[in-house]
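The values are calculated or read from the model by the stated rules, or taken from the named source; none is laboratory data. Only a predicted model underlies this, so the values are computations on that prediction, with no experimental measurement involved. For neighbour counting, all protein chains shown are included, and Cβ atoms are generated from backbone atoms with ideal geometry for every residue, glycine included.
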């Protein structure tokens, strides 16, 4: 709402408000929702097919849902057990871990993706969209296997900008619905979304005594201050401080 007010004064009423910080939106102070390892495992076990594979990548590699859905074949390095993530935030590439337990499922998944790709080639379907200016520099690269989406859409669609019919990557709506449905089948009283797995990834690494700089790098955070929020999750007051009522009861039991 404050941006609307600034726009009204600056561009409609032609009144310069200056650098009025009071009108700037404040960053959220809410702590992220984090699952325990057992809770994460329970929800993942209730997912099926590609949705389960994608959710396991979010939890096992710390990916954002957008980065997971935009993975290309060449971004999976099985020899080094790494994933090259291309996040929209900051428009920077980063390398994170590829869980050993996902290597075989990913390889099997790519066999099915390869079949879809080869069928598209037989039907002269235009290759996948390439990032930035690569389509002009390498006009045929979009038809190469290494550039194909790891999670391609089940249907062809028309690009609204170019009008070209091609295969896009899947969207996140299916995964969001599946995670919500799986959570509702459990007794977990938390608001769980696909992004919760990324929060849990970071928190569980810190719980296992990994250096916060390492976690920062894996998450792709520009500043370590952003990663520090997970230390607050680990040390939040409600679970770290003993209630005086419990202390008094313990003393009373000892006296009696």
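Matching residues to (1) at pLDDT 85 or above; (2) exposed (fewer than 14 other Cβ atoms within 10 Å of the Cβ); (3) under 30 Å from residue 109 (Cα atoms); (4) under 18 Å from the mean Cα position of the chain (by Cα):
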{"site": "142", "(1), (2), (3), (4)": "yes, no, yes, no"}
{"site": "155", "(1), (2), (3), (4)": "yes, yes, yes, no"}
{"site": "168", "(1), (2), (3), (4)": "yes, no, yes, no"}
{"site": "194", "(1), (2), (3), (4)": "yes, no, yes, yes"}
{"site": "200", "(1), (2), (3), (4)": "yes, no, yes, yes"}
{"site": "208", "(1), (2), (3), (4)": "yes, yes, no, no"}
{"site": "216", "(1), (2), (3), (4)": "yes, no, yes, yes"}
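Answer yes if at least one residue in the stretch 107-124 is outside any helix (DSSP H, G or I), modelled with pLDDT under 95 and in contact with a strand residue (DSSP E or B) (Cβ under 9 Å, 6 or more places away or on another chain), and no otherwise.
No: zero hits.
Taking the condition over 14 Å from residue 104 (Cα atoms), buried (at least 18 other Cβ atoms within 10 Å of the Cβ) and modelled with pLDDT under 95, does residue 85 pass? Show your work before the answer.
Values: over 14 Å from residue 104 (Cα atoms): yes; buried (at least 18 other Cβ atoms within 10 Å of the Cβ): yes; modelled with pLDDT under 95: yes.
Answer is yes for this residue.
When both residues are 6+ apart or on different chains and their Cβ atoms are under 6 Å apart, which pairs have a first residue that lies in the stretch 173-184 and is on the phi > 0 side of the Ramachandran plot, and a second that is part of a helix (DSSP H, G or I) and surrounded by fewer than 21 Cβ atoms within 10 Å (Cβ to Cβ)?
From residues that are on the phi > 0 side of the Ramachandran plot, there are no pairs.
Assess whether residue 163 counts as being within 30 Å of residue 122 (Cβ to Cβ), out of contact with any strand residue (DSSP E or B) (no Cβ under 9 Å at 6 or more places or on another chain), surrounded by fewer than 20 Cβ atoms within 10 Å (Cβ to Cβ) and modelled with pLDDT under 90.
Details: within 30 Å of residue 122 (Cβ to Cβ): yes; out of contact with any strand residue (DSSP E or B) (no Cβ under 9 Å at 6 or more places or on another chain): yes; surrounded by fewer than 20 Cβ atoms within 10 Å (Cβ to Cβ): yes; modelled with pLDDT under 90: yes.
Here the answer is yes, as residue 163 does meet what is asked.
Before we move on, is residue 247 surrounded by 11 or more Cβ atoms within 10 Å (Cβ to Cβ), modelled with pLDDT under 90 and either under 16 Å from the mean Cα position of the chain (by Cα) or on the phi < 0 side of the Ramachandran plot (or both)?
Numbers: surrounded by 11 or more Cβ atoms within 10 Å (Cβ to Cβ): no; modelled with pLDDT under 90: yes; either under 16 Å from the mean Cα position of the chain (by Cα) or on the phi < 0 side of the Ramachandran plot (or both): yes.
The answer is no for residue 247.
Can you tell me which residue is modelled with the highest pLDDT among those in the stretch 27-47 that are exposed (fewer than 14 other Cβ atoms within 10 Å of the Cβ) and farther than 16 Å from residue 205 by Cα? Walk me through it before giving the result.
Keep residues of the stretch 27-47 that are exposed (fewer than 14 other Cβ atoms within 10 Å of the Cβ), which gives 27-31, 37-38, 41, 45.
Those still in the list that are farther than 16 Å from residue 205 by Cα too: 27-31, 45.
Numbers: 27: 51, 28: 53, 29: 63, 30: 78, 31: 85, 45: 96.
Once the filter is applied, the top-ranked residue is 45.
Which one of these does residue 150 not meet: (1) surrounded by 11 or more Cβ atoms within 10 Å (Cβ to Cβ); (2) out of contact with any strand residue (DSSP E or B) (no Cβ under 8 Å at 6 or more places or on another chain); (3) in contact (Cβ under 8 Å) with a residue 12 or more places away in the chain?
The failed condition is (2).
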